[in-house]
Amino acid sequence: MSLFGAIDVATTFGPMLSSKKTFLTQEAKVDFRSRTNNKERLAFEDAQSSQTSQSTLLLQKKKLMEDAQIELDRKKEEIRLRMLRCQEKEDELAETQAALRLQVVKFEKFLKDNDAKRLRSHRKALDEIKQREAKEKEIEAKARELAELHAKKRERAELLDRVRAYEQHLEDVKEFSDEYHEIPNVLDRYNTLANANADLHSGIASFNMQMDKQRSELSFFIKEAQNQILVSNSKIAEHQEQLELAKIESAKLERERAAGENRQKEETRLSGEISMSIENLYRRCRLSKPGIAAVTQLDRLLAVEEKLVDMRDVIQRAERAQENDGLIQ
């Protein structure tokens, strides 16, 4: 009979037994005085045989556990021997692999030496080819350079012919002007005016560059300020959204915490009620004996189950006795 069945029996017959305030030793209040000595002897023998069958079943269970332990020890020894054989195989395989790796290292060294020799020969051939090509390119470059020098010589000759006209013009200026007595004076005046013109153009270009730089800086500053404003607005919106999410999450966590506390309180209450119920049943079903150590909840439940089984047997025998008495009458 299971524990839940024993509890059902206690629930069914407990009130009846508690109302009558009967115990196993109080047979007189169940109206057993009307039975004969023969019936009492038969009931005692039935209880004795029930206890004997339970002891036999317990011995059988112990025998089965001993057999299972022996089989388990045998399997452990068999597995240990298999592991030893596997370890020996692994050692042999490791030795074989070490020999193979040594051979592979030697073969790789041989291949590397051959590859190194082949690469050196190939590199030497490539260097010679590159040197020949470099010399050919150098010859071609010198030939081009010589051709360019001849071309420059012709250009300089042509330029000299054109400049001679300007030289003649300067000679004419010197002859017809009282301010310039030599050609270098005319060239110095020209250089002075050219430098002044260049300085003016340079100042104008520098001013324009400064204006462009200031315009660019102003435009960049305005654009940067707008970007910072947009970024700040975006960050503010993001922080507001994060704040809202944090509030929602905080409320959710608070609800979960409260629910967890309620569940814990409920579980504690149920656990206490169950423990108290088990303790009450245990106290009602078994008298405390001095010298017995503190029992666990499982021990109490087993004791309650055993007591309920005995109570059910007593009730069944009482019902059978009542039925037999009714038939006799």
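If you take the square roots of the eigenvalues of the alpha-carbon gyration tensor of the range 198-246 and sort them as a ≥ b ≥ c, do you get rounded (a/c under 1.5), prolate (a/b over b/c) or oblate? It comes out prolate by the Cα gyration axes.
Taken one residue at a time, the phi angles of the range 80-93 give Karplus couplings (6.51, -1.76, 1.60, θ = phi - 60°) of 4, 5, 4, 5, 5, 5, 5, 5, 5, 4, 5, 5, 4, 5 Hz. Gly and Pro are set to x.
Toward the positive end of the charge dipole of the range 54-102, with +1 on the Cβ of Lys and Arg and -1 on the Cβ of Asp and Glu, the farthest Cα among Leu57, Ala99, Cys86 is that of Leu57.
Remark: the Ala318-Phe107 segment gains 66.3 nm on full extension, using 0.36 nm per residue and subtracting the alpha carbon distance.
Partners of Lys135 within straight-line reach, counting lysines whose Cα lies under 22 Å from its Cα and excluding those fewer than 8 residues away in the same chain: Lys124. 7 Å from Cα along Cα→Cβ at both Tyr166 and Gln226: what's the point-to-point distance in nm? Once both label points are built, they end up 5.2 nm from each other. Taking +1 at the Cβ of each Lys and Arg and -1 at the Cβ of each Asp and Glu, which of Gln214, Gln228, Ala194 sits farthest along the dipole of the range 194-280 towards its positive end, judged by Cα position relative to the Cα centre? Projecting each Cα onto the dipole axis, the largest value belongs to Ala194. Checking the a/c ratio against 1.5 first, then a/b against b/c, what shape does the Cα gyration tensor give for the range 247-289? Cα axes put the range 247-289 in the prolate bin. I'd like the FRET efficiency for Asp115 and Glu78, computed as 1/(1 + (r/R0)^6) with the beta carbon distance as r and R0 of 45 Å, rounded to 0.05. It comes to 0.25. Label zone (Lys174, point 7 Å along Cα-to-C-beta; backbone nitrogen cut-off 15 Å) within the range 182-215: 182-190. Let me know the shape class of the range 56-177, please: from the alpha-carbon gyration tensor, a ≥ b ≥ c as square roots of the eigenvalues, rounded when a/c is under 1.5, otherwise prolate if a/b is greater than b/c, or oblate. In terms of gyration-tensor shape, oblate.
Taking label positions 7 Å along the Cα-Cβ direction at both Ala99 and Met65, the computed distance is 5.4 nm, reported to one decimal.
For the range 196-224, the residues whose backbone nitrogen is under 15 Å from a point 7 Å from the Cα of Asn233, taken along Cα to Cβ, are 223-224. Model label points for Glu241 and Glu90, set 7 angstrom from Cα along the Cα-to-Cβ axis, are 5.6 nm apart. At an R0 of 30 angstrom, the distance between the Cβ atoms of Lys252 and Thr296 translates into a FRET efficiency of 0.15.
In the range 114-250, a dipole from Cβ-located charges (positive for Lys and Arg, negative for Asp and Glu) runs towards its positive end, and of Ala134, Ile183, Gln168 it is Ala134 whose Cα lies farthest in that direction. At R0 = 22 Å, how high is the FRET efficiency between Leu187 and Gln210 if r is their beta carbon distance? Nearest 0.05 is fine. That pair, Leu187 with Gln210, gives E of 0.05.
Read-outs: derived from the displayed coordinates by stated rules, not from any lab. Note that the structure is predicted; figures quoted are calculated from it, not measured. Heads up, the Cβs are rebuilt from the backbone with ideal geometry, glycines too, and the neighbour counts pull from every protein chain shown.
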